[in-house]
Amino acid sequence: MAVRRSPSSSRAEPWPSGAGFSQVARVLSESSSIHSDVLSHLSRDMSGNRLNPMPHWILEPEVFREGPGAEESQSLVQVMGAPPSPQVRSEGLHFLDGKRKVDYVLVFHQRRHSSIRSLVSGSVSQDQLSVVSNGNFPPTKGSDPATGRGADILGGEAASVGEVFMELGSAKGSEPMEAIDQEMHLIRQEFEANLLEAGLEIEREKEVKPNGPSFTRIHAPWPVLCREAEFLKIRVPTKASYELKEERGFGSSMSSIWRKLNQPFQPKVSLQDHGSTKFLSHCFSRDKLHLYNISSKDTFFDNATRGRIVYEILRRTVCVRTCQTIGISTLIAKGVYDSAFPLHDGDYKVIGHLEERNDRQVLHEEWARYSAFYKFQPIDLVRKYFGEKVGLYFAWLGVYTQLLVPASIVGIIVFGYGVATVDTNLPSLEMCDERFNFTMCPLCDGACDFWHLSTACGTARASHLFDNPATVFFAIFMSLWAVLFLEHWKRRQISLSFSWDLTGIEEDEEHPRPKYETILLQKRQRKQKTKKKRKKSEPEKQEDGAVTGKDRWRQKLLSAMAAGAPPAVDKLTWKDRLPGYFINISSILFMFGLTFSAVFGVIIYRITVSALMAMSPDPETKSNVRVTVTATAVIINLVVILVLDEIYGAVAQWLTELEIPKTETNFEERLIMKAFMLKFMNAYAPIFYVAFFKGRFVGRPGNYVYVFDNYRMEECAPGGCLIELCIQLSIIMLGKQLIQNNIFEIGIPRKLKKLIRSLKEKEATPNAREDEKPPQQWNLDYALAPFDGLTPEYMEMIIQFGFVSLFVASFPLAPLFALLNNIIEIRLDAKKFVTELRRPVAARAKDIGIWYNILSGMGKLSVIINAFVISFTSDFIPRLVYQYMYSPSGTMHGFIDHTLSYFNVTNFKPGSAPQNSAHEDVTFCRYKDYREPPWSSDAYQLSKQYWSVLAARLAFVILFQNLVMFLGLIVAWVIPDVPKTIVEQLKREKKLLVNLFLQEEKEKFQLIQSLFTKDSILQSNSQPSNPSQGLPILGRYSTLPSGPAAGDGGGGGPRARCRAASFSQFSGKTCSSPKNENASSRQTAV
């Protein structure tokens, strides 16, 4: 018969003998720690190997003992040696008892080596629990097995004061551990013991695998969930509800029609859609449990919330004795644990009836399939399953994709206008007309011959498809579209915050990152060493008589003042980060130089290949020089961009680590800014070159600008550089989306996984396959890829947003290709989150963070860039200037001749004239520029037309920029950030909550007044002759008086009072502690 000791009494009480269960009790506390005397009794209770479970309610508050569902709140540490309950569920989402959910999983690898002598006694055949206590009680001496095991684990040394060690798992036949594994084992022991003290329940495997992963399952019982939900201020729905105002009249009929039209596009998801009814939500409080609709304690907090609560406990749990660390992230960084993650809700494949689908299966069927591309996203279910941060990403992606529809339609119309008017465009017709016979100057020195402008007819006609008057309208439209998109997203974001109960949430306090803690610890150690050296040198100074008399008294006074002052909090300063900042700046500048070098290398390739192809004797090769060089150069640019993108991502991570950010939020923001700068420069540098630099520094015939003294700078095509900009933008945009986003992100990883899986299946022996048990959910989730954050997903879309907005004047079809890509991208990302990634912790977020600032900046930058593209890259401004200033007929007749200047072929430099020319009797050749003719007194100088066009271009930039900015401000002013309906609902909910709490206070005082009335009647019956005791008349909001008037019952001790009226809903008893007498009698401030 086993014996236990009650914490409140020293007498021994017998336990009924059990049937061989190897389960050990642990004590649950509402607070995050346990008193040392409690752990002292617990350690004595654990001394035997055959103990029945000790009920946790011995030390549990009475309110959780006697209320409904008290059975769920009992906490037992289940060791895998116990026989499983017949109620065990097969899906692997629960402990062995089949009742308690697995809320979180910790994974570690145990490497064992038989060459080292065993440090652990192997004579014990029973399964043993590993506990490291941080209490302050001394170990029990004697034959207590607990202390013996603790000494064994420490390698033969006695356990330190305040620590109790016992090994978890079967000790029989176990192999020894290396020193590093033993250290990791002890750290895990302490960490998991602290988790037990925080109220969590732990289940581990029967045997630790020698070379495979071992899993520690964690369950949060109801009291812990309540405590942490109150600390985290998690908002939950209450029983109170109100009816939403229904639209009337024309708006109501239009809304009903719109709902009917959208019905085929809605996913079949059954969520908490109350229609016209909305439940009030309030921050969870244990004192107001009666306000919440708690139908089941197992389902009141969903799995995502439970996982978040457990993660918060894991994040702040410390390891003091074995290592100076805090949080599971630090332990993973140190290698103590391999990973930690919450579980998915079972398999994503539907087996059985559709009505029995879990949330993961619903998401897979209605969201993560390509056949559901036409449906809206079930954003509320995504948020419920993955958390607010992931939900906001997919909501933002959905809004962005929806708004690409009107932009695509307008882009198609603009492109269609160019197609319809290409045959009536006078400049392209003049260029294609061989009767004009414009003889152009050679494209290279020596080897190139004169050529006719009519040979570039195809380029001119293609250029008109994108360079026409409708392009200006489209650029203005897309600039306003960017403003409209941001304003619409702000409204959508606030609507989601309201419906997801995120209004008014506070930022969670973040713990320092592991690397920050490590460097800070090194700094403290250096300080301690310097202090020790100073203390050693101080006595020598005093012996020499340097400090005497008044100086010694002053030193004592200063040291006393320093001892009374609070210790300064150590932190890393800018001096500690200065080397990292220096490396960051120099590395980013180097990366910018590398990007420019890659662009310059492609320019050299274009120049050299153009010259070589021009020397070819094949006429077909000569005629296709420009197309061949442009296409191959763009492909080379694409390959360089894809390679540098991967390099820059890794470099940005490394540079951010050098800055030593304190928290994960700071780390993420700095990483985003660095990665964005590098990838922005990498993706857009070739496009910027073609748009604003190509053909600007060529020179003129007879005075060309040369590279390496041999090769001329390349010129734009006869139809202008806009067609080349269009080709460059389209190939890079489509190539990045197709290759990087789809093949690299989805295709190659899947193929590698299939290859690895097939290799493992081949290596496995047939006997091993037969003995292999069906994998549990934690095994399946561990095989998935870890969740690395949303930064790559956002970055991919932000770069695409730049292609759509920055240079959209040159490629009106960019929104259409972005729309087609995003329709696939949403389903790709959804499939990846549901089937290929571990479940992320449900992180709260009010908005998309720094990404909104980046989007806003790019929207403003797009206005400027599109203004310069229209002004300087296209021929829109020169056409306007010619038509209204220089055209004799006020039409575009003669525009091509107006833009071409004359050059006398006798002015060629020696060796630069065509050597074997097929054109005879050529006196003058033409080139595209505004310069004086050779017969002018200012030959080859910039003409007045050049300055007129330049002034018009600059004026257009200023006018376009100010006009679009002004229209954008009007759009932002017209569209309010917060919808009017949400403002009204917020005010109404606030008023209803105030009324609800006032009603609760009124009921409290009425209940207390009735108790005092009943008590006074009993007192008057027992002591009718005592006139000094009377019942005070309680007002509606009066506080209870203390003293005899409150009814202490003459002659007796102070009467016990009810702690909170809300607990009566569960316990049905009044509190017996008089400590909170005054606090419980005060009304709640509303």
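The values are calculated or read from the model by the stated rules, or taken from the named source; none is laboratory data. All figures in this text were calculated on a predicted structure; none of them were measured in a lab. FYI the Cβ positions are ideal-geometry reconstructions off the backbone, even for glycines, and counts take in every protein chain you see. Calculation scope for accessible area: heavy atoms of the full protein, side chains included, ligands and nucleic acids excluded. Shrake-Rupley method; radii C 1.70, N 1.55, O 1.52, S 1.80 Å.
Per this entry, residue 663 is not counted among residues that are open to solvent by less than 40 Å² (accessible area, probe 1.4 Å), modelled with pLDDT of 90 or more, of a type in the set (S, T, N, Q) and under 30 Å from residue 327 (Cβ atoms). Every condition in (1) under 19 Å from the mean Cα position of the chain (by Cα); (2) surrounded by fewer than 18 Cβ atoms within 10 Å (Cβ to Cβ) holds for residue 379 except the one numbered (2).
Note on the range 955-973: residues that are over 42 Å from the mean Cα position of the chain (by Cα) and either at pLDDT below 90 or open to solvent by 60 Å² or more (accessible area, probe 1.4 Å) (or both) total 0. The set of residues from the range 603-647 being open to solvent by less than 30 Å² (accessible area, probe 1.4 Å) and under 26 Å from residue 792 (Cβ atoms) comprises 634, 637, 638, 641, 642, 644, 645. When residue 340 is tested against (1) touching a helix residue (DSSP H, G or I) at 6+ places or on another chain (Cβ under 6 Å); (2) open to solvent by 20 Å² or more (accessible area, probe 1.4 Å); (3) at pLDDT 85 or above; (4) closer than 16 Å to residue 223 by Cα, only condition (4) is not met. Among the residues making up the range 409-437, those that are within 20 Å of residue 900 (Cβ to Cβ) and either part of a strand (DSSP E or B) or open to solvent by less than 20 Å² (accessible area, probe 1.4 Å) (or both) are 427, 428, 430, 431.
For residue 461, the requirement of being surrounded by 15 or more Cβ atoms within 10 Å (Cβ to Cβ) and closer than 19 Å to residue 724 by Cβ is met.
Per the conditions (1) touching a helix residue (DSSP H, G or I) at 6+ places or on another chain (Cβ under 6 Å); (2) at pLDDT 85 or above; (3) among the acidic types (Asp, Glu), the sole criterion not satisfied by residue 434 is (2).
Condition first: among the hydroxyl-bearing types (Ser, Thr, Tyr), in a helix (DSSP H, G or I) and surrounded by fewer than 19 Cβ atoms within 10 Å (Cβ to Cβ). Can you find one or more residues in the range 474-491 that meet it?
Within the range 474-491 (the criterion being among the hydroxyl-bearing types (Ser, Thr, Tyr), in a helix (DSSP H, G or I) and surrounded by fewer than 19 Cβ atoms within 10 Å (Cβ to Cβ)), the answer is no, since none of the residues qualifies.
Residues of the range 784-811 that are out of contact with any helix residue (DSSP H, G or I) (no Cβ under 9 Å at 6 or more places or on another chain) and in contact (Cβ under 8 Å) with a residue 24 or more places away in the chain: 786 alone. Scan the range 801-808 and give yes if some residue there is in a loop (DSSP other than H, G, I, E, B), open to solvent by less than 10 Å² (accessible area, probe 1.4 Å) and touching a Phe, Trp or Tyr at 6+ places or on another chain (Cβ under 9 Å), otherwise no. Yes, there is a match, as at least one residue in the range 801-808 is in a loop (DSSP other than H, G, I, E, B), open to solvent by less than 10 Å² (accessible area, probe 1.4 Å) and touching a Phe, Trp or Tyr at 6+ places or on another chain (Cβ under 9 Å). Can you give me the number of residues within the range 813-826 that are part of a loop (DSSP other than H, G, I, E, B) and of a type in the set (D, E, K, R)? So the count comes out to 0. Listed conditions (1) in a loop (DSSP other than H, G, I, E, B); (2) free of Cβ contacts under 8 Å to residues at least 60 places away in the same chain are all met by residue 524, apart from (1).
Looking only at the range 221-238, residues that are open to solvent by less than 10 Å² (accessible area, probe 1.4 Å), hydrophobic (A, V, I, L, M, F, W, C) and more than 25 Å from the chain's Cα centre (by Cα) come to 2 in all. Every test in (1) closer than 24 Å to residue 664 by Cα; (2) at pLDDT below 90 is passed by residue 281 save one, and that test is (1). Looking across the range 425-478, the residues that are in contact with a Cys (Cβ under 7 Å, 6 or more places away or on another chain) and of a type in the set (S, T, N, Q) come down to 439, 454. Flag not set for residue 305, criterion: open to solvent by less than 50 Å² (accessible area, probe 1.4 Å) and farther than 30 Å from residue 241 by Cα. Restricted to helices (runs of 4 or more DSSP H) entirely inside the range 578-693, those with at least 2 residues that are of a type in the set (D, E, K, R) and in contact with a helix residue (DSSP H, G or I) (Cβ under 9 Å, 6 or more places away or on another chain) are 625-658, 664-692.
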